[in-house]
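K.L.:
Take this structure, written in structure tokens, and hold onto it; I'll ask about it next.
The values are calculated or read from the model by the stated rules, or taken from the named source; none is laboratory data. All of these numbers come straight from a predicted model, not from anything done at the bench. Don't worry about glycine lacking a Cβ; one is built from the backbone with ideal geometry, like all the others, and counts go over all protein chains shown.
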Amino acid sequence: MSLQEVFQEISAADFFYRNRDIAGFTNPTRAIYSTIRELVENSLDAAEIREIPPDIYLRVSHESGPTDGPGIYRIHIEDNGIGIPHEIIPSAFGQVLFGSKYKLRQTRGTFGLGGKMAILYGQVTTHGQATIMSSTGPTKVHEYQLTIDIQKNKPVILKHKTHPNDNRWHGAVIDFLTEADYTRAMPKVLEYLQQTAIVAPYANLTYVDPRGRLYRFERATTQMPKPPQETLPHPYGVDVETMKRLIELTKERTMLGFMKTHFHRVGRTIATGFLQQVGLPPKKNPKKLAPDEIVRVVNAMKSYKFLAPDANCLSPLGEELLEAGIKKELSPEFVSVYQRKPSAYSGFPFIVEVGIAYGGEIEPKGGIRLYRFANKIPLLFDEASDVSWKAVNTQMDWRHYKASPDMPIAVFVHICSTKVPYKTVGKEFIADRPDVEREVLNAVREVARRLSLFLSKKIHLAHDKHRLDVFQKYLPKIAGFSAKLAKKEKPPDVAPLLKSVLRYEKIEESEDDQDEDAE
Amino acid sequence: MKKSKKVKTTKTKTPSRVEQKKSVVLSALRSLGEQLYSQLSKKQWPSVRMPSRSITNIHYDQHTRQYILGERFVRRSARNIRHIRPLTQLVWTGSFVDELAREGKTSTLRDVFYSAQAYEMSFTDQAESDDIITDLETVLEHPREDFNVFPEERSAIFGDLTIQYTVRGYEGRKLNLASHPDGMMIGPALTNAEFAECKADKIIAIEKGGLFTRFIEERVHDKYKALLIHTAGQAPRATRALIRRMSQELGLPVYIFCDADPWGMHIANVIIAGSANAAHLRELNTPDAKWAGVYASDIVDYKLPSDPLTDLDIKRLYELQKDPRYDTKLWKREIEAFLRLKRKSEQEAFSRYGLAFIVDKYLPARLKELG
């Protein structure tokens, strides 16, 4: 009796096809939402990287099948991003895991996977092909029609042609069929687009839905956030596997040089000190490290006192833009935003930005409305598991800030990081890492304090208004009735007294029977 | 001794008492209006000053033998956000009753509550509007009946008194109050009437309607030359004012018959000494009126059927003991008798000796005793 196992190598495309849940393509409802989200985010990234104010046009049209359940829809998206060099278009769209996102830089996606998953999902549900048109700005626009060979993880080019590009257009157009239950996904899709408009106030988003309705989210500014810079890995965030790869790649001949070249914020002094602590000679060739030495180095990195990562690699939105986004989409009565200083968890830098808004189009809903963003992506699912939800709903005592659940209050939390600490692969909620949690809570407290100042003022004004209303209601009546009683023709003028009401700071409010002189 | 007493005032040209009172009230209303008007004209916050009616400012006055208000005053000022509404209500009520008085119409407390709504002056409830009327009484120093606002409850009178109406449509008409064997209702018309001719020489006030009718059937008004008044429980203020007027203008002594319990005693006492609620008013009480029974001692003396006092009755008796209005020999003696006896009786208890006993035996004996 012999056990015979068949080991079969599967391609990355095959792997993701078999495990499409983890990329957010569980069912036709979730799939259309993920498709739109991935495409829009790729387009935004492609424009922002060179500080081009994004212009994105998205159209979803119904092709065949029912509209009240899964049917076939055509997805069409156009952007004005930097475009894709024509020779890599096939791989960029037809090969899973080929992407620009394996360096440490804050971008929306992490794997460069989403766009391809969308096309892959479309292909397996409709047997259709994808049309990609792109130019980086020179004289030609390239158009490809392709499918993905799932087993080989290779693009199959069906057609390739070029068009003249007289206007020096740069950008990308993607068009393909996919299966979707749009009707059920619609609320989330619209919410996603609106929240994206909040967090990308410099973008024009145009959306035509399957019933031909036009949604337009116009930019409120052309000012762009500073694009993120690429950065080296920080020693705190390095694991054994990463270390092995770095050793493989390196051209450095000594450990000292290796440390200086491949790690973030490690210079000669720090490298020397570190190597001394680990007990490795600075001149040792990194390629000659024994496996147990590699493990020792990685473990020592976790505890050695390195400089904190700097935040140049991050691209926060900035207070001004966050405020512009909130104002343009919700026109609140009051808004305040606050950006924390950069911080780090496990060697990954992050910045927390928060906003708070009151009134306008925010509906009171028996609690604080929470808008969550990570690396400029709105997070719409699993709200109650998120670190921000915990801070806003369980750690804050809003009564201290004069806020009550029946008030129209919204809190916006944006966490940006080279590696957002998502709790699951679905990337919908952020783990309550102590460092992150502390930053979020402190930031929310700060804006809540500002809100409470606004609310006190508002209460004060309401009080004043109420007082004026009361005087305005009764004083003319007293004038009228007393003139009648006194048999006068005209009531006396009460305007001067009313005028003095608002300026009058301390109106007597003493107890009824206690306020008079005894004779 | 004259058989008939003509009241002089109606014969002369000088204004009647009722007319005088009316003009005093009207001028008090006018000066209230003028005061507020002139404050407003001077760009001052209008305000009204009146004696405080808080419990700590109510004192018993030995001189007038009634409750009066003390030295403390309150000011209702439009400048105080919590006063401006009641002040407006006060002025509105003033202008409302001013109109009533001019047109010779009357109104009830309930009416005032509803009429306010037409002026966007709504009262929260009737308690609030009643309270404002009490304020107006305090400011004007006149009971609301003088400015034509009457309560719902009505009591009755029967006897040989001829009145002359002053109310619109009946001016000068006369009526003898013995014309109807159920008695005549003491309402606005009777309250505002002049006394033309009176053949009675005393007033007997009776707590209960049954006994009031019995007295009429047994011709007490003839036999004892009495005006009979049915107080219907605690006497309404219009009735108390009428008793005082009759006692003063006609010079008649007043006797009050109630049940033999602390509550009956208090009905008699309020007619005599007034109530704390009306401490801001004068001329509602009749200090010389006499409590004529039924006493606690009568329960023993006449062997009346009786019931035990309840805890509440006993508690009330202890309260009355401390009340300055009960600080005379008779009241004290009877309160102690009740507490000793721990029993009470109703007026109807005399019926065990036959229907006429109370009139033929008890009444003459008591009247003689009181002198």
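K.L.:
What about B:GLU283, is it exposed (fewer than 14 other Cβ atoms within 10 Å of the Cβ) and of a type outside the set (A, V, I, L, M)?
P.N.:
It is false that B:GLU283 is exposed (fewer than 14 other Cβ atoms within 10 Å of the Cβ) and of a type outside the set (A, V, I, L, M).
K.L.:
Pairs please, first residue from the range A:466-477 and more than 7 Å from every other protein chain (Cβ to nearest Cβ), second anywhere and surrounded by fewer than 17 Cβ atoms within 10 Å (Cβ to Cβ) and part of a helix (DSSP H, G or I), Cβ atoms under 7 Å, 6+ apart in sequence or on different chains.
P.N.:
Between residues of the range A:466-477 that are more than 7 Å from every other protein chain (Cβ to nearest Cβ) and residues that are surrounded by fewer than 17 Cβ atoms within 10 Å (Cβ to Cβ) and part of a helix (DSSP H, G or I), the close pairs are A:LEU468/A:LEU502; A:GLN472/A:LEU498.
K.L.:
Can you pull out every residue in the range B:77-124 that is acidic (Asp, Glu), more than 7 Å from chain A (Cβ to nearest Cβ) and farther than 26 Å from B:ALA276 by Cα? Break it down stepwise before answering.
P.N.:
If we filter the range B:77-124 for residues that are acidic (Asp, Glu), which is where we start, we get B:98-99, B:103, B:111, B:120.
Now drop any that are not more than 7 Å from chain A (Cβ to nearest Cβ), which leaves B:99, B:103, B:111, B:120.
B:GLU99, B:GLU103, B:GLU120 - these are the residues of the range B:77-124 that are acidic (Asp, Glu), more than 7 Å from chain A (Cβ to nearest Cβ) and farther than 26 Å from B:ALA276 by Cα.
K.L.:
Does any residue of the range A:433-455 turn out to be more than 14 Å from every other protein chain (Cβ to nearest Cβ) and not in a helix (DSSP H, G or I)?
P.N.:
Looking only at the range A:433-455, we keep the residues that are more than 14 Å from every other protein chain (Cβ to nearest Cβ), and these are A:433-455.
Next, only the ones that are not in a helix (DSSP H, G or I) stay: A:433.
Checking the range A:433-455: at least one residue is more than 14 Å from every other protein chain (Cβ to nearest Cβ) and not in a helix (DSSP H, G or I).
For every residue, the table says whether it meets (1) part of a loop (DSSP other than H, G, I, E, B); (2) at pLDDT 85 or above; (3) of a type in the set (D, E, K, R); (4) farther than 20 Å from A:TYR17 by Cα.
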| position | (1), (2), (3), (4) |
| --- | --- |
| A:ILE56 | no, yes, no, yes |
| A:ILE88 | no, no, no, yes |
| A:PHE111 | yes, no, no, no |
| A:ILE119 | no, yes, no, no |
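K.L.:
Got a number for residues in the range A:184-210 being touching a residue at least 24 places away in the same chain (Cβ under 8 Å) and either assigned to a loop (DSSP other than H, G, I, E, B) or over 24 Å from A:ILE351 (Cα atoms) (or both)? Outline the logic, then answer.
P.N.:
Within the range A:184-210, the first condition is being touching a residue at least 24 places away in the same chain (Cβ under 8 Å), and the residues that meet it are A:184-185, A:188-210.
Among the residues that remain, those that are also either assigned to a loop (DSSP other than H, G, I, E, B) or over 24 Å from A:ILE351 (Cα atoms) (or both) are: A:184-185, A:188-191, A:200-210.
Residues meeting the conditions: 17.
Residue-wise test of (1) modelled with pLDDT of 95 or more; (2) of a type in the set (Phe, Trp, Tyr); (3) within 23 Å of the chain's Cα centre (by Cα).
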| residue | (1), (2), (3) |
| --- | --- |
| A:ASN153 | no, no, no |
| A:ILE157 | no, no, no |
| A:HIS163 | no, no, no |
| A:ASP166 | no, no, no |
| A:TRP169 | no, yes, no |
| A:ALA172 | no, no, yes |
| A:GLU179 | no, no, no |
| A:LEU193 | yes, no, yes |
| A:ALA197 | yes, no, yes |
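K.L.:
Of everything in the range A:478-492, what is in contact (Cβ under 8 Å) with a residue 12 or more places away in the chain and more than 7 Å from chain B (Cβ to nearest Cβ)? Give them in sequence order.
P.N.:
A:PRO491
K.L.:
Restricting to the range B:291-318, name every residue that is part of a helix (DSSP H, G or I) and either in contact (Cβ under 8 Å) with a residue 40 or more places away in the chain or of a type in the set (Gly, Ala, Ser) (or both).
P.N.:
As a first pass, look at the range B:291-318 and keep what is part of a helix (DSSP H, G or I): B:296-301, B:311-318.
Scanning the range B:291-318 gives B:ALA296, B:SER297, B:ASP298, B:ILE299, B:VAL300, B:ASP313, B:ARG316, B:LEU317.
K.L.:
Follow-up. What's the number of the only condition in (1) on the phi > 0 side of the Ramachandran plot; (2) under 19 Å from the mean Cα position of the chain (by Cα); (3) modelled with pLDDT under 90 that A:ALA344 fails to meet?
P.N.:
(1)
K.L.:
Take the residues in the range A:152-176 that are in contact with an Asp or Glu (Cβ under 6 Å, 6 or more places away or on another chain) and over 18 Å from A:TYR57 (Cβ atoms), then tell me which one is surrounded by the fewest Cβ atoms within 10 Å (Cβ to Cβ).
P.N.:
Across the range A:152-176, the extreme among qualifying residues is A:LYS161.
K.L.:
Okay, next question. Please enumerate the residues belonging to the range A:223-242 that are charged (D, E, K, R) and part of a helix (DSSP H, G or I). If you could, list the steps in order and put the result at the bottom.
P.N.:
Going through the range A:223-242, the residues charged (D, E, K, R) turn out to be A:226, A:230, A:239, A:241.
Across the range A:223-242, the qualifying residue is only A:GLU241.
K.L.:
I need the full set of residues from the range A:129-183 which are among the hydroxyl-bearing types (Ser, Thr, Tyr) and assigned to a strand (DSSP E or B), in order please. Step through it out loud before you land on a result.
P.N.:
Filtering the range A:129-183 for residues among the hydroxyl-bearing types (Ser, Thr, Tyr) gives A:131, A:134-136, A:139, A:144, A:147, A:162, A:178, A:182-183.
Across the range A:129-183, the qualifying residues are A:THR131, A:SER134, A:SER135, A:THR136, A:TYR144, A:THR147, A:THR162, A:THR178.
K.L.:
Sticking with this one: Identify all residues within the range B:78-114 that are in contact with a helix residue (DSSP H, G or I) (Cβ under 7 Å, 6 or more places away or on another chain) and assigned to a strand (DSSP E or B); write none if there are none.
P.N.:
B:SER107 - this is the single residue of the range B:78-114 that is in contact with a helix residue (DSSP H, G or I) (Cβ under 7 Å, 6 or more places away or on another chain) and assigned to a strand (DSSP E or B).
K.L.:
If we only count helices (runs of 4 or more DSSP H) wholly inside the range B:200-276, which ones have 1 or more residues that are within 28 Å of B:ARG340 (Cβ to Cβ), modelled with pLDDT of 90 or more and among the aromatic types (Phe, Trp, Tyr)? Even if it seems obvious, please write down each step before you answer.
P.N.:
Numbers: elements: B:209-217, B:220-223, B:237-249, B:262-273.
Those helices (runs of 4 or more DSSP H) span B:262-273.
K.L.:
Another one. Looking at (1) modelled with pLDDT under 90; (2) farther than 21 Å from B:GLY70 by Cα, which one does B:ASP298 not meet, given that it meets all the others?
P.N.:
(1)
K.L.:
Separate question: Scan the range B:23-55 residue by residue and report those that are out of contact with any Phe, Trp or Tyr (no Cβ under 7 Å at 6 or more places or on another chain), within 7 Å of chain A (Cβ to nearest Cβ) and in a loop (DSSP other than H, G, I, E, B).
P.N.:
Scanning the range B:23-55 gives B:LYS43, B:TRP45, B:PRO46, B:SER54.
K.L.:
Exactly one of (1) within 20 Å of B:PRO151 (Cβ to Cβ); (2) of a type outside the set (A, V, I, L, M); (3) out of contact with any helix residue (DSSP H, G or I) (no Cβ under 7 Å at 6 or more places or on another chain) is unmet by B:ASP61. Its number?
P.N.:
(1)
K.L.:
Something else: Within the range A:351-402, which residues are modelled with pLDDT under 90, among the polar types (S, T, N, Q) and within 14 Å of the chain's Cα centre (by Cα)?
P.N.:
Hit for the range A:351-402 is A:ASN375, nothing else.
K.L.:
Let me ask another. Only residues that are facing chain A (nearest Cβ under 10 Å) and either at pLDDT 90 or above or not in a loop (DSSP other than H, G, I, E, B) (or both): list them for the range B:56-70, please. If you could, list the steps in order and put the result at the bottom.
P.N.:
Narrowing the range B:56-70 to residues facing chain A (nearest Cβ under 10 Å): B:56-57, B:70.
If the condition is that a residue be facing chain A (nearest Cβ under 10 Å) and either at pLDDT 90 or above or not in a loop (DSSP other than H, G, I, E, B) (or both), then B:THR56, B:ASN57 are the ones that fit.
K.L.:
Determine, yes or no, whether B:VAL74 is within 9 Å of chain A (Cβ to nearest Cβ) and surrounded by 17 or more Cβ atoms within 10 Å (Cβ to Cβ).
P.N.:
Values: within 9 Å of chain A (Cβ to nearest Cβ): yes; surrounded by 17 or more Cβ atoms within 10 Å (Cβ to Cβ): yes.
Yes; evaluated as a whole, the condition is true for this residue.
K.L.:
May I ask you to verify whether A:PRO281 is closer than 30 Å to A:SER452 by Cα and in a loop (DSSP other than H, G, I, E, B)?
P.N.:
Values: closer than 30 Å to A:SER452 by Cα: no; in a loop (DSSP other than H, G, I, E, B): yes.
No.
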